[in-house]
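The values are calculated or read from the model by the stated rules, or taken from the named source; none is laboratory data. Everything numeric in this text was worked out from a predicted model, so none of it was measured. So basically every Cβ, Gly included, is an ideal-geometry build from the backbone, and we count neighbours across all protein chains shown.
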Amino acid sequence: MDGKDTLEQQLSAELVNSPLAKRVLKAVVASEEYHAINYMANSVAVNRMKITDHGFTHAMITALNAMRIFNVLQKAGVKTNWEMERHGNSEEARVIVLLGALCHDFGNAIHRDGHHGQSLVVARPFVSGIVSKFFKGVKRIEVELSVLQCIYCHDESVQAYSIEESIVKIADGVDCAHGRARVPHELLGNVNEYTLSSNAIDDATVVFGTMKKPVKIVLKMNDKIGRFQIDQVLQKKIDMSTIKDMVEIEVQMK
């Protein structure tokens, strides 16, 4: 990740032509409830289980990855299910993906096991509150449920059935670089395949590939153990998405 700008600034830059999504992001980041839920989710994940980061930073990086994937697919002319099924426009679809990414790991505040299902329980009141500020009537309900779909489907064990769900799922897997394991590995001394493999990846980013495979995920690795993150996490998420044929992984070894 580029450390020159904050994650919020980087994410906002990806939304430069999306005024509605920028307003939604501002409302989420300004919420004390949002930060409290993320704090508890990370406390369970890092302090108690000593696994990789699942708090605010991870949520923001996932959202940043999701917006980059969204923009790449738009550039390639790929429409979301929200658009194809005539629920609404691409700007609304972007908001759905953004909120899904920002809230996908809320369930860790309860327990890691089955956290994607528990995320629905924890996230729904918050998502409903945010969505109701920007959408009314039937559209509010449709947007809220679509966000919850993205949240539930982010886990690699769940098959995604929409472009929106797939974007959040893959974006979550792209956050696999060394920063996620810094606290559990370096400060808490937890050494396992997840922390070691994450430390082996110096950087992970999304760029435009080709029109046939527009989503190109570039991973810079310093050790082959980083393959664990690719094979056991990222690739599984890609395989359980609806856009697996549009995604390419490029590994650059030092």
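What the table shows:
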| read-out | value |
| --- | --- |
| Tally, over the range 104-122, of residues that are in contact (Cβ under 8 Å) with a residue 60 or more places away in the chain and part of a helix (DSSP H, G or I) | 5 |
| S128 vs. criteria among the hydroxyl-bearing types (S, T, Y) and touching a residue at least 60 places away in the same chain (Cβ under 8 Å) | no |
| Among (1) closer than 20 Å to A177 by Cα; (2) out of contact with any Asp or Glu (no Cβ under 8 Å at 6 or more places or on another chain); (3) among the aliphatic types (A, V, I, L, M), the one test that V95 misses | (1) |
| Single match in K224, K254, K236 (criterion: surrounded by fewer than 18 Cβ atoms within 10 Å (Cβ to Cβ), under 18 Å from the mean Cα position of the chain (by Cα) and either more than 26 Å from Q74 (Cβ to Cβ) or touching a residue at least 40 places away in the same chain (Cβ under 8 Å) (or both)) | K236 |
| Top-ranked residue of the range 129-153 - restricted to ones that are of a type in the set (G, A, S) and closer than 13 Å to V95 by Cα, ranked as farthest from the chain's Cα centre (by Cα) | S132 |
| Qualifying residues in the range 112-163 (those that are modelled with pLDDT under 95, acidic (D, E) and buried (at least 18 other Cβ atoms within 10 Å of the Cβ)) - the one farthest from L20 (Cα to Cα) | E156 |
| Some residue of the range 123-142 being in a helix (DSSP H, G or I), touching a Leu at 6+ places or on another chain (Cβ under 9 Å), of a type outside the set (S, T, Y) and farther than 20 Å from Y152 by Cβ | no |
| Enumeration of residues in the range 59-97 that are in a loop (DSSP other than H, G, I, E, B) and closer than 12 Å to V143 by Cα | H87, G88, N89 |
| Condition broken by G100, with the remaining ones in (1) part of a helix (DSSP H, G or I); (2) free of Cβ contacts under 8 Å to residues at least 60 places away in the same chain satisfied | (2) |
